[in-house]
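First the structure, in the form of structure tokens, and then the observations on it.
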Amino acid sequence: MIHTTIRPTVSPQTITKVTRLFNGTIEDILNELLQNSRRAGASWIGIVHETNDLGTSIMVSDNGSGVADPAQMLALGDSGWGADIAEAEDPAGMGVFSLAGKETTITSRSADFDKGWTASIPEDGWTGEQDIAVRAIDVEIGTTIRFFMPGLTAQCAARIVKEVCKFYPIPVIANGCEVPREDFLAKAVHVARWNGSWIGVFEGHEYHSEPTVNFHGLLLKRKLAGVSETLGGKHYHAQLDIGATPDLALVLPARKEFVQNDGLTALLAAARRTIFEAIAAKETHRLSYDDWKAACDLGVEMAEAEAVLPVWHPRAAEHDQLKVDYTEIPCGENAIRVEEFEPAIGQALGRALRDDMCRHRLVESHAEYSGYAWYDRLHQLGNVRFYIEKGEARHIVAENGSFPSLGEHIVADRVELRYCIYHQLTEYEKEHCREADVAFSVNEDGWYSGVEQIRIAFVPNDTLVPEVLAELIEDVCFCASDDSEADSWETQHEHFMRDARELAAEVLLGEEEAIASRIRDTVGGILWVLPKDRSVTITINPAKEIAVTFSQAGE
């Protein structure tokens with residue numbers, strides 16, 4: 001037969017699978033029982049746990065409203081809570097079934113009755129296939145549930161009780177002592193009320209192992225929102241302390257994650273806005289322009305990011321090894337931001353401008369600030385080229401290569417630096433020229449191929465000595481390989497610097513000095529074996545025979 005209408009139903013066989021609804025962990029059980037006690041209006045909860053060789057017996061008691069009908073307490077999906085609780089928290093009527101599969105005794109009395117009731121449920125009594133005896137009993141108003149956890153040690157039980165009660169809103173007395181409780185948002189730098197709950201803003205990154213949501217003591221690990229400032233600024237993330245916010249629903253039965261609904265979407269937007277509100281309350285900030293614009297679009301008013309940028313230093317091939325102090329300066333009208341150049345161009349530019357009057361005005365470009373009025377007003381330095389003259393030959397070295405190619409190292413008659421200072425908003429542009437003493441060209445993949453790929457054009461002078469040139473070669477070329485088969489960073493760097501010193505000596509002083517540099521590096525590696533009070537003379541004849549003689553120091 002084909003029905004004309006249908007509706008969802010719950011199969012009677014569902015109750016037979018109830019033992020699979022929860023993991024059956026002590027954390028799950030205590031969380032569910034504590035939530036039931038809170039909903040029942042309890043002002044205190046008592047937990048007693050006693051351990052023997054087989055495990056731990058746990059008794060949870062409260063002074064809440066109690067349960068009038070024992071049958072309703074064991075009715076899967078029928079919470080029995082009043083309209084206020086049902087609207088605020090969406091109880092599922094499944095909490096007590098976290099005990100499914102465990103021998104349990106439940107005792108309760110409602111304020112509406114002079115007597116209470118008690119029922120003992122065996123391990124196999126949760127599937128609805130047998131009757132559970134209920135008898136009347138004289139007992140105080142409230143509910144007590146006793147169950148046994150096989151294999152649970154006393155130490156583990158005490159630790160878990162402490163963790164479960166840490167952010168619980170009601171006092172809990174465990175084995176005679178009140179369990180310490182904390183405010184979930186105590187360490188927040190900013191707290192805002194939202195739809196009956198509270199959003200807290202914290203400094204730092206959230207960790208996957210740490211909870212971000214507190215549902216009356218039940219903790220969830222769900223990323224809500226995070227915002228990072230730029231240029232070494234702080235990171236902020238949001239956490240949520242849930243109160244009475246019915247639009248937020250948790251996935252049943254364990255309530256370990258949110259249901260994807262409009263309430264969650266609104267929460268995520270509110271969390272991000274709250275972070276912006278916290279940042280707006282500071283004197284200054286370092287938000288990217290896009291984040292600042294997003295904050296403004298959300299109605300959060302704040303000034304533009306602090307007009308500060310790092311002092312410009314030429315980029316090195318290996319960023320982590322930049323050998324300069326990080327310094328920031330305020331960016332007034334005279335500041336000039338520098339494009340990010342490849343190391344071969346940037347290092348030569350930095351050397352050529354080391355004594356220039358404009359050097360102290362140069363700051364790093366920071367693309368994340370593009371859009372801020374103060375940032376867009378800054379002049380820029382770009383279009384850097386080196387013009388090299390050697391007799392009749394002419395070469396130009398720029399960001400896109402060398403034209404014509406530097407086929408070999410060149411002792412140049414002249415190296416001229418040319419660059420432009422321009423302003424995009426006003427279309428201002430002016431070319432500047434300055435004498436330079438060195439330029440570099442690196443072939444493709446040169447960073448990973450050693451010093452063989454670099455070509456140097458230079459004008460001899462007293463300041464460009466082998467030590468200086470070797471450091472420039474390092475900054476232009478050296479980038480250690482992180483391949484699993486590669487040597488350590490220290491070994492790669494040692495080998496590279498040996499080659500760099502040899503190349504610098506050969507380029508500046510000639511082949512013999514390059515050989516001498518290699519010999520000095522080689523001998524330098526074994527200085528530790530030489531006597532401290534002796535001089536050593538090493539002689540190598542054309543037959544490559546090596547003679548080593550010792551003498552007293554000073555002879």
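The values are calculated or read from the model by the stated rules, or taken from the named source; none is laboratory data. If you're wondering where the values come from, they're calculated on a predicted model, not measured in any experiment. As a convention, Cβ positions derive from the backbone with ideal geometry for all residues, glycine included, and neighbour counts pool all protein chains shown.
Here are the numbers for this structure:
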item	result
Criterion: closer than 30 Å to SER365 by Cβ and either surrounded by fewer than 19 Cβ atoms within 10 Å (Cβ to Cβ) or not assigned by TED's automatic domain parsing to the domain that holds ARG38 (or both) - qualifying residue of THR230, THR212	THR230
Some residue of region 233-255 being surrounded by fewer than 17 Cβ atoms within 10 Å (Cβ to Cβ) and under 19 Å from the mean Cα position of the chain (by Cα)	yes
Candidate set: region 340-356, residues that are touching a residue at least 40 places away in the same chain (Cβ under 8 Å), out of contact with any helix residue (DSSP H, G or I) (no Cβ under 7 Å at 6 or more places or on another chain) and among the small types (Gly, Ala, Ser); chosen: the one nearest to CYS477 (Cα to Cα)	ALA348
Boolean, GLY151 is more than 21 Å from ASP62 (Cα to Cα) and outside the structural domain of GLU229 (by TED's automatic domain parsing)	yes
Criterion: closer than 26 Å to HIS423 by Cβ and not assigned by TED's automatic domain parsing to the domain that holds ASN383 - qualifying residue of TRP312, TRP292	TRP292
Out of GLY450, GLY407, sole residue that is closer than 23 Å to ALA317 by Cα, modelled with pLDDT under 95, of a type outside the set (Phe, Trp, Tyr) and within 35 Å of the chain's Cα centre (by Cα)	GLY450
Inter-residue pairs, beta-carbon under 7 Å, first outside any helix (DSSP H, G or I) and in region 502-531, second surrounded by 11 or more Cβ atoms within 10 Å (Cβ to Cβ), 6+ apart	LEU530/VAL536
Selection status of ALA303, surrounded by fewer than 16 Cβ atoms within 10 Å (Cβ to Cβ) and not assigned by TED's automatic domain parsing to the domain that holds PHE496	yes
Some residue of region 166-187 being of a type outside the set (A, V, I, L, M, F, W, C), buried (at least 17 other Cβ atoms within 10 Å of the Cβ), on the phi > 0 side of the Ramachandran plot and touching a residue at least 60 places away in the same chain (Cβ under 8 Å)	no
Count of region 56-94 residues which are modelled with pLDDT of 65 or more and either among the hydrophobic types (A, V, I, L, M, F, W, C) or exposed (fewer than 15 other Cβ atoms within 10 Å of the Cβ) (or both)	12
Selection status of VAL476, within 26 Å of GLY407 (Cα to Cα), in the same structural domain as ILE410 (by TED's automatic domain parsing), touching a helix residue (DSSP H, G or I) at 6+ places or on another chain (Cβ under 6 Å) and not in a loop (DSSP other than H, G, I, E, B)	yes
Candidate set from region 401-433 (those that are in a strand (DSSP E or B) and of a type in the set (D, E, K, R)); member that is farthest from PRO460 (Cα to Cα)	GLU429
Region 103-148 - residue that is of a type in the set (D, E, K, R) and part of a strand (DSSP E or B) and, of those, nearest to the chain's Cα centre (by Cα)	ARG146
